[in-house]
1. When both residues are 6+ apart or on different chains and their Cβ atoms are under 6 Å apart, which pairs have a first residue that lies in region 404-432 and is more than 27 Å from Gln770 (Cβ to Cβ), and a second that is charged (D, E, K, R) and surrounded by fewer than 21 Cβ atoms within 10 Å (Cβ to Cβ)?
2. Val340: within 28 Å of Asp205 (Cα to Cα) and crowded, with 20+ Cβ neighbours inside 10 Å, yes or no?
3. Is it the case that Leu550 is surrounded by 14 or more Cβ atoms within 10 Å (Cβ to Cβ) and modelled with pLDDT of 95 or more?
4. Assigned by TED's automatic domain parsing to the domain that holds Ala338 and over 29 Å from Met408 (Cα atoms), is that true of Gly151?
5. Taking into account only those residues within region 714-768 that are surrounded by 10 or more Cβ atoms within 10 Å (Cβ to Cβ), in a loop (DSSP other than H, G, I, E, B) and among the polar types (S, T, N, Q), which is modelled with the highest pLDDT?
6. Need the failing condition index for Gln165 against (1) within 30 Å of Phe775 (Cα to Cα); (2) touching a helix residue (DSSP H, G or I) at 6+ places or on another chain (Cβ under 9 Å); (3) not acidic (Asp, Glu), just the number.
7. State yes or no: is Ile546 over 30 Å from Asn118 (Cα atoms), in the same structural domain as Gly588 (by TED's automatic domain parsing), under 34 Å from the mean Cα position of the chain (by Cα) and β-branched (Val, Ile, Thr)?
8. Tell me the residue from Tyr106, Tyr46 that is out of contact with any Asp or Glu (no Cβ under 6 Å at 6 or more places or on another chain), assigned to a loop (DSSP other than H, G, I, E, B) and closer than 27 Å to Thr30 by Cβ, please.
Amino acid sequence: TSSKEIDGAKLVKNLAQNMEEIFRKKAEATRVSTCEENNLKCSYEYFNAVLINEVDEDGNSVELGGEFLLEPNDHFNNLSVNLSLSVVQVPTNMYNKDPDIVNGVYWSEALNKVFVDNFKRDPTLIWQYFGSAKGFFRQYPGVKWHPDEHGVIAFDCRNRKWYIQAATSPKDVVILVDVSGSMKGLRLTIARQTVASILDTLGDDDFFNIIAYNQEIHYVEPCLNGTLVQADSTNKDHFKEHLDKLFAKGIGLLGNALTEAFTILNETGRGSSCSQAIMLITDGATEMYDDVFAKYNWPERKVRIFPYLIGRESAFADNLKWMACANKGYFSQISTLADVQENVMRYLHVMSRPKVIDHEHDTVWTEAYVDSAVSINIHDMLLCVPPQKNQGILLGVVGTDIPIQELMKTIPKHKLGIHGYAFAITNNGYILTHPDLRPMYQEGQKRKKPSYSSVDLSEVEWEDTEDVVWTSVALSRGHGKYFFKGNVSLEAGLHDLEQPDVALADEWTYCNTDEHHDHRHLTQVQAIRLYMTSRKPHLKCDRELIQQVLFDAVVTAPLEAYWTGLALNKSENSDKGVEIAFLGTRTGLSRTNLFVVPEQDFLTAEDKEGVFNADHFPLWYKRAAEQVAGTFVYSIPFSSGMMFKQINTHPRHATYTSMLFFNLVFMCAAQRAQRTMMVPCDTEYPAFVSERTIKETTGNIDCGGCIQTFVIQQIPSSNLFMVVVENKCDCSSTLPVTMEPIEIIYILFYKIKHLLCDRLKFQKDRRRPQSCHPFHPEVHNA
């Protein structure tokens with residue numbers, strides 16, 4: 001046996017390289033798809049994802065349906081899929097047999113072979129798909145889609161972040177909304193919806209602001225006048241709430257609004273530093289304002305103009321069309337609310353032209369999200385598909401998903417120590433994986449938290465300046481600095497590993513059994529035996545981890561006989577004693593012995609804090625490792641008795657130091673539209689740190705003039721405190737100090753309202769995307 005010092009920097013570097021290799025392999029699948037597109041041939045099979053296996057009243061297959069073989073597959077979360085064919089989903093608001101849809105489906109049918117070959121080449125792939133600029137969505141493997149309770153499937157691939165982010169470069173957008181008197185009524189309603197739809201097309205790499213104008217300039221959020229704000233979900237939702245405050249009156253002075261918009265785009269320097277655009281939402285323009293464009297945008301024409309004419313009248317359409325053409329933009333007319341979505345989306349295809357003409361297949365990774373079909377955290381990677389002719393017209397986006405679980409398999413948890421963990425973030429600082437990222441409301445529920453995919457690292461990594469916190473961190477340093485290595489014979493190790501009382505961490509990867517179809521049925525123990533005993537097992541395993549888990553199995557083997565002896569010698573008439581004995585090691589190995597049959601299963605996979613998880617050690621393991629050697633650690637299930645945070649807490653002030661933390665991703669109940677709903681809010685709550693250096697303390701409690709004494713003393717060799725309180729006063733009317741979070745209500749306090757403004761202005765640390773395609777000399781002629 002020996003000990004080996006762990007090089008933290010080398011550990012992180014190796015982890016990054018392993019993750020990069022996963023990304024590279026997935027990128028190859030999308031590149032194959034984009035290359036194959038140039039040689040696609042027409043095919044006339046069209047399986048509609050909603051209509052497959054549907055029959056009419058006579059029992060005949062409905063049009064665009066047909067018999068489609070589906071079989072459950074555990075690799076796809078036990079969904080029933082077809083591994084030979086893909087299906088096509090068309091949004092409910094589009095006609096299934098529209099010529100553009102049908103033609104696109106025909107030529108993209110050849111992607112079936114590409115998808116199947118990709119999956120054979122890399123069995124770890126899950127969903128592969130092609131999102132068309134025409135609106136249809138081809139998905140492999142084929143799976144049946146089910147409408148909601150209203151018979152609608154609202155999914156439109158072109159509205160998804162991954163499509164927009166892959167199709168366009170980062171952009172700065174200023175939205176100008178006409179609120180003159182002529183915009184009253186339905187026109188203003190359409191204008192509000194148009195603004196909201198534009199905001200939905202912006203991603204975290206984009207920046208924006210909204211200006212309403214009549215004879216004056218009105219920033220929709222006055223706090224952010226003269227600047228650009230990142231288009232994250234929080235900021236976009238904040239601006240959407242302000243749209244109802246827009247009212248039409250006065251006359252519209254568009255020239256002043258254009259000047260303000262150009263000034264913001266030209267002077268802030270805080271945006272994406274890539275593409276720029278002005279979205280103009282109005283019911284007409286009496287002038288061309290060529291003097292404004294000549295001053296601020298010509299001859300470079302760096303800022304594109306996208307006018308949206310609101311209403312059915314076209315009297316002033318010519319001036320708006322001229323603005324669009326003279327500034328490399330696009331003109332759209334929106335007559336009804338139903339026209340909003342389709343017309344707004346057109347600007348994206350204009351802004352994608354430089355990237356398409358450049359034939360730049362930029363690999364784009366989105367933030368983690370929970371898929372509505374399979375309910376797992378996944379990561380997208382997408383590429384633009386250029387057309388055969390260099391016309392700058394986007395055909396669509398090809399993509400594949402990567403389960404976060406696959407990335408976590410690369411983490412060497414046994415080398416990180418009990419409190420060590422690995423996390424990954426996007427270029428915008430959003431968490432991909434972190435032990436404290438909880439995207440769902442509660443375990444077992446499929447309800448996602450708002451903004452769960454854009455949780456900033458600063459919201460889970462607490463920062464506090466209290467000395468006691470930093471002292472506790474300093475005292476805990478040294479854990480995980482060395483890695484213990486032991487050697488045992490292969491025969492002994494495998495023998496002891498395969499005993500019934502031994503289990504390996506479910507979410508740890510000792511061997512990767514996903515890369516070959518023949519290995520997927522293997523347990524980790526079976527894979528270890530195959531890897532260690534076969535000449536060419538064709539398995540990728542962590543040999544160092546396996547050697548250590550075999551060592552742990554041999555070293556802990558005597559416990560089995562010891563526990564069995566205790567159980568056999570136990571008197572039948574003895575008082576109830578130990579029910580379960582268990583042991584865990586740093587390699588994820590655990591041994592369990594049941595002295596009595598428990599009422600419920602012990603340490604099941606659902607007990608996330610009690611088992612070796614993908615990103616952390618069990619809570620009981622960490623508590624024990626934190627203590628001095630020879631110390632007993634006692635814990636009480638949260639469901640037993642009164643929780644510590646709910647009892648009268650005056651005596652603990654003598655042994656605990658209080659601190660305040662702020663949580664910016666909490667959820668609070670709010671009354672809206674006469675119904676309770678969960679909305680994002682900021683919360684404040686106290687935390688308490690035990691002063692372990694204080695062995696004993698005494699004090700007094702004043703309960704309405706009655707004084708009672710208390711004593712608190714640490715119990716040696718344990719994590720327990722004994723608390724004795726004199727019982728001569730009635731303190732029931734004294735309010736306890738609670739650890740329940742308290743919502744911060746900004747609107748009630750003038751100073752805190754300014755704090756909210758400061759938060760909106762705050763620019764988080766981020767890294768701009770490397771790829772930028774704002775213009776191409778051939779775009780003007782495309």
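1. Ile418/Lys622; Tyr421/Asp615
2. Considered against the rule, which asks whether it is within 28 Å of Asp205 (Cα to Cα) and crowded, with 20+ Cβ neighbours inside 10 Å, Val340 comes out as yes.
3. Yes; evaluated as a whole, the condition is true for this residue.
4. Judged against the criteria, Gly151 is not a match.
5. If we take residues in region 714-768 being surrounded by 10 or more Cβ atoms within 10 Å (Cβ to Cβ), in a loop (DSSP other than H, G, I, E, B) and among the polar types (S, T, N, Q), then Ser717 is modelled with the highest pLDDT.
6. Checking Gln165 against (1) within 30 Å of Phe775 (Cα to Cα); (2) touching a helix residue (DSSP H, G or I) at 6+ places or on another chain (Cβ under 9 Å); (3) not acidic (Asp, Glu), the one that fails is (2).
7. Details: over 30 Å from Asn118 (Cα atoms): yes; in the same structural domain as Gly588 (by TED's automatic domain parsing): yes; under 34 Å from the mean Cα position of the chain (by Cα): yes; β-branched (Val, Ile, Thr): yes.
For Ile546, the condition - over 30 Å from Asn118 (Cα atoms), in the same structural domain as Gly588 (by TED's automatic domain parsing), under 34 Å from the mean Cα position of the chain (by Cα) and β-branched (Val, Ile, Thr) - is met.
8. Tyr46
The values are calculated or read from the model by the stated rules, or taken from the named source; none is laboratory data. Model, not experiment: these values are computed from the prediction. Glycine also receives a Cβ, built like all others from the backbone with ideal geometry; neighbour counts cover every protein chain displayed.
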